[in-house]
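Participant: Can you read through this structure? Questions will come right after.
We did not get these values from a lab; they are worked out from the coordinates using the rules stated. From a predicted model like this one, the values you see are computed outputs, not experimental measurements. All Cβ positions, glycine included, derive from the backbone under ideal geometry; neighbour counts span all protein chains shown.
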Amino acid sequence: MALLLWGQWSDAQRDDWLARLRAALPGEDWVLDPQAPRAAEVELAVVANPPPGSLRGLPRLRLIQSLWAGVDRLLDDPTLPPGVPIARMVDPAMNEAMTQTALWATLSLHRGFFQVLAQQREALWRPPPQARAAECQVLVLGLGELGGRVAQALAAQGYAVSGWSRSRRKPPPGVLALSGDAELAPALGRADVVINLLPLTAQTRDFFDASRLAQFRRGAALVNLARGAQVDEVALLAALDDGRLGHAVLDVFRQEPLPAGHAFWRHPRVTVLPHTAAQTDPRSAAEVVAANLARLRAGQTPWHLVDTGRGY
Ligand code: NAP
């Protein structure tokens, strides 16, 4: 049996992953090209956004393990081998990084620090008002691996946190759990900070369109840490320009890298991050892959399987 490592990345990135995976899985036979003759022996494909069509024709394949948490691009491939389960990456180091990014964005918005940075460029000495954390309403969209942890960490800092998800689930400590459209509109109308951690699916594509943005409380902020295709960028710019939204912290975009001429780069109410909110950390992620392979070989259900019907 062999393992496939395959994705769209530089040779240096691939070699870094290979070294980490070899250390976590000593003695395994790795194949680096799905067209290679030995690919017929592959039981596990470890992938990072593989080119569409490239996972066809692997007769012994039993599991596709994504190295990325979001599987929207992977699931867009209509030629994925039917019946082969897909696991997504849930990496403790990535969870930690996402929590840090969400804390930084929320703290900066709540305390007016983005404004203070802009004032520094003008040599303006103007202390912002100092609201208490409990006076700042934060709405986290998506209460999964990332959103659940983010919501819990913000609640621990004293913020008034609600979390919205598809199904009503037990909320993390200190978080008010919401679900369904009927609970979303009033929550958007209350929130000072809205953090998006929904997966990109047919239901969440263009989620932040003009009508949704019109439900935001005047002057509220959007923090998009999930996927760019969930935001109608023209509608967002219009909402920022007319003051409906006070600020946007954007880590992800419809086109990445964000083109140099894009209005977001120089907009006074936008903070741009280069898709860096939380990266998979090869050191811990290689251990996650090893654990899932062990489960597969022991006849147990692998962790973090994707429901392809739901799209996440
Ligand atoms: P997850 O564990 O699958 O959680 C997804 C959450 O969203 C769940 O609570 C789910 O509800 C909810 N949800 C899904 N569809 C919904 C809908 N239509 N309406 C309401 N709620 C819905 O995902 P995760 O690991 O937290 O990751 C979330 C996303 O973050 C990823 O898909 C990826 O796109 C993004 N991401 C970004 C970065 C970055 O660096 N910017 C890094 C990693 C991940 P249920 O609980 O009811 O299922």
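Participant: Could you pull out every residue, at least 5 positions away or on a different chain, whose amide H is within less than 5 Å of the one on V42? Hs are placed 1.01 Å off N in the peptide plane, and Pro or chain starts have none.
Facilitator: For V42, the qualifying residues are A2, R60.
Participant: Apply the Karplus parameterisation 6.51 cos²θ - 1.76 cosθ + 1.60, with θ equal to phi minus 60°, to every residue of the stretch 138-143 and state each ³J(HN,Hα) to the nearest whole Hz, in sequence, with x for glycine and proline.
Facilitator: 10, 10, 9, 8, x, 10
Participant: Highest mean first, what order results for 11-19, 244-252 on Cβ atoms within 10 Å?
Facilitator: 244-252, 11-19
Participant: Treat every Asp and Glu Cβ in the stretch 152-240 as -1 and every Lys and Arg Cβ as +1, leave all other atoms uncharged, and give the resulting dipole magnitude about the Cα centre to the nearest 20 debye. Mind dumping the intermediate values first?
Facilitator: Details: 10 positive and 7 negative charges, 68 e Å.
Dipole of the stretch 152-240, to the nearest 20 debye: 320 debye.
Participant: Per-residue HN-Hα couplings for the stretch 60-73, Karplus 6.51 cos²θ - 1.76 cosθ + 1.60 at θ = phi - 60°, whole Hz, x for Gly and Pro?
Facilitator: Couplings: 9, 5, 10, 7, 9, 10, 6, 8, 9, 6, x, 10, 4, 5 Hz.
Participant: Name the long-range amide H neighbours of G163: under 5 Å, sequence gap of 5 or more, or other chain; modelled H, no Pro or chain starts.
Facilitator: V140, L176, A177, L178
Participant: Could you list which residues have their amide H under 5 Å from that of L245, counting only those 5 or more apart in sequence or on another chain, with H placed in the peptide plane?
Facilitator: The list, which skips near neighbours in sequence, is G219, L240.
Participant: Related question: Hey, if you put +1 on the Cβ of every Lys and Arg and -1 on every Asp and Glu Cβ in the chain, which of W9, A36, L237 ends up farthest toward the positive end of that dipole?
Facilitator: L237
Participant: Here's another thing I want to ask about it. How much length is gained on full extension from R169 to R22, taking 0.36 nm per residue of separation minus their Cα-Cα distance?
Facilitator: 49.1 nm
Participant: Cα-based Rg of the chain per 2.2 N^0.38 Å, rounded to two decimals?
Facilitator: 1.08
Participant: Using a simple charge model, +1 on the beta-carbon of Lys and Arg, -1 on the beta-carbon of Asp and Glu, nothing else, what dipole does the chain show about its Cα centre, in debye to the nearest 20? Provide the component values of the computation, followed by the final result.
Facilitator: Numbers: 32 positive and 30 negative charges, 145 e Å.
So the dipole magnitude of the chain works out to roughly 700 debye.
Participant: While we're on this one: Just grab the label-to-label distance for L184 and W104, each label 7 Å out from Cα along the Cβ direction, in nm (one decimal).
Facilitator: It is 2.9 nm.
Participant: Another one. Give, in nm to one decimal, the length gained when the segment between T301 and A134 is fully stretched (0.36 nm per residue of separation minus the Cα-Cα distance).
Facilitator: Full extension of this stretch gives 56.0 nm more.
Participant: Return the whole-Å distance between the Cα centroid of the stretch 265-281 and the Cα centroid of the stretch 48-90.
Facilitator: That distance is 27 Å.
Participant: Using only Cα atoms, what Kirkwood radius does the stretch 95-272 have, in angstroms?
Facilitator: 16.4 Å
Participant: Provide the per-residue ³J(HN,Hα) series for the stretch 81-94, in order, calculated from phi with Karplus coefficients 6.51, -1.76, 1.60 and θ = phi - 60°, each as a whole number of Hz, with x at glycine and proline positions.
Facilitator: Those phi angles translate into x, x, x, 8, x, 10, 10, 9, 7, 10, 10, x, 5, 5 Hz.
Participant: What does DSSP give for the stretch 95-272 in terms of the percent of beta bridges that are antiparallel, rounded to the nearest 5?
Facilitator: Rounded to the nearest five, the antiparallel share is 0 percent.
Participant: Continuing with the same structure: Take the stretch 197-287, compute every pairwise Cα distance, and split them into 10 Å bins from 0; I just need the percent in each bin.
Facilitator: Pairs per bin, as whole percents: 16, 47, 27, 7, 2.
Participant: Can you tell me which of 106-112, 215-221, 28-34 comes out highest on packing, and rank the rest after it, using the mean Cβ neighbours within 10 Å?
Facilitator: Taking the mean over residues of other Cβ atoms within 10 Å, the ranking is 106-112, 215-221, 28-34.
Participant: So if we plug the beta-carbon distance of R310 and M1 into 1/(1 + (r/R0)^6) with R0 = 25 Å, what FRET efficiency do we get, rounded to 0.05?
Facilitator: E(calc), rounded to 0.05, equals 0.25.
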